[in-house]
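See below for the structure under consideration.
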Amino acid sequence: MGVSFSWPLFQGGAVASAVRQSRALYREAQASYDAAERDTERQTRAAFRGIVSGIQRIGAAGRAVDSGSGAVEASRRNVEFGTGTEFDLLNAQNNYYAARRAYSQSRYDYLTSVLTLKQQAGRLSERDLAAIDDLLIEP
């Protein structure tokens, strides 16, 4: 009489190693998911804040353009009447075009924020892009 016994010594280590690898891959996937979720929330909040502040910046930049236009006209009249210099006129024109550039940049930033927010909400469509395209063309 005899008893035969077979025990696979190395197989147990392979199973334990595969389990550890699976757990590590799960933790990695969970961390990647959490990072993507935080990134999406951060982008959505930034786009919303961009829209709210963009509305105010567009209004302020529009008022600056109107003011700059009036300053250029006043400087032009002063040069015509001899009470102002060409340097003052050029300075007023420089300020006016800087205000127009700031106005255009504010509009662009606002429209970008709108598109980003719609994208984050999953509501971006071709119709939205066409509407934005029409807004980018100045009359």
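Using C-alpha pairs under 8 Å with a sequence gap of at least 6, the mean separation divided by the residue count of the chain gives a relative contact order of 29 percent.
The stretch 57-71 and the stretch 72-98 have Cα centres lying 16 Å from one another.
Using the alpha carbon gyration tensor of the chain, what are the three equivalent-ellipsoid semi-axes (square root of 5 times each eigenvalue), largest first, in whole Å? Before the final figure, lay out the partial values.
Working: eigenvalues 943, 57, 21 Å².
For the chain, the semi-axes come out at 69, 17, 10 Å.
Kirkwood hydrodynamic radius computed over the stretch 96-139 comes to 11.4 Å, based on all pairs of distinct alpha carbons.
With a Förster radius of 41 Å, plug the Cβ-Cβ distance of F87 and L115 into 1/(1 + (r/R0)^6) and report the FRET value to the nearest 0.05. Please list the in-between numbers first.
Values: r = 42 Å, r/R0 = 1.03.
That gives a FRET efficiency of 0.45.
In whole angstrom, how long is each semi-axis of the equivalent ellipsoid of the stretch 52-118, when you take the square root of 5 times every eigenvalue of its Cα gyration tensor and sort them from largest down? Mind showing how you got there, number by number?
Working: eigenvalues 218, 16, 6 Å².
Taking √(5λ) for each eigenvalue gives 33, 9, 6 Å, largest first.
A helix-only calculation puts the chain at -32000 deg cm²/dmol for mean residue ellipticity at 222 nm, using -39500 (n - 2.57) for each DSSP H run of at least four residues, averaged over all residues. Here's the picture: charge each Lys and Arg Cβ at +1 and each Asp and Glu Cβ at -1 in the stretch 49-129, and of A102, Q56, S67 the one pushed furthest to the positive end of that dipole is Q56. Per the Debye formula with a single identical scatterer at each Cα and no solvent contribution, what log10 I(q)/I(0) holds for the stretch 13-61 at q = 0.20, 0.21, 0.31 Å⁻¹? Results for the stretch 13-61 at q = 0.20, 0.21, 0.31 Å⁻¹ read -0.73, -0.76, -0.98.
Taking the mean number of other Cβ atoms within 10 Å as a proxy for protection, how do you rank 128-134, 51-57 from highest to lowest?
On the way: 128-134: 11.4, 51-57: 15.0.
By packing density, highest mean first, the sequence is 51-57, 128-134.
None of the figures in this text is laboratory data; all of them are computed from the coordinates on show. What you see is a predicted model; the values in this text were computed from it and never measured. No Cβ is skipped: glycine too gets one built from the backbone with ideal geometry, and neighbour counts run over all protein chains shown.
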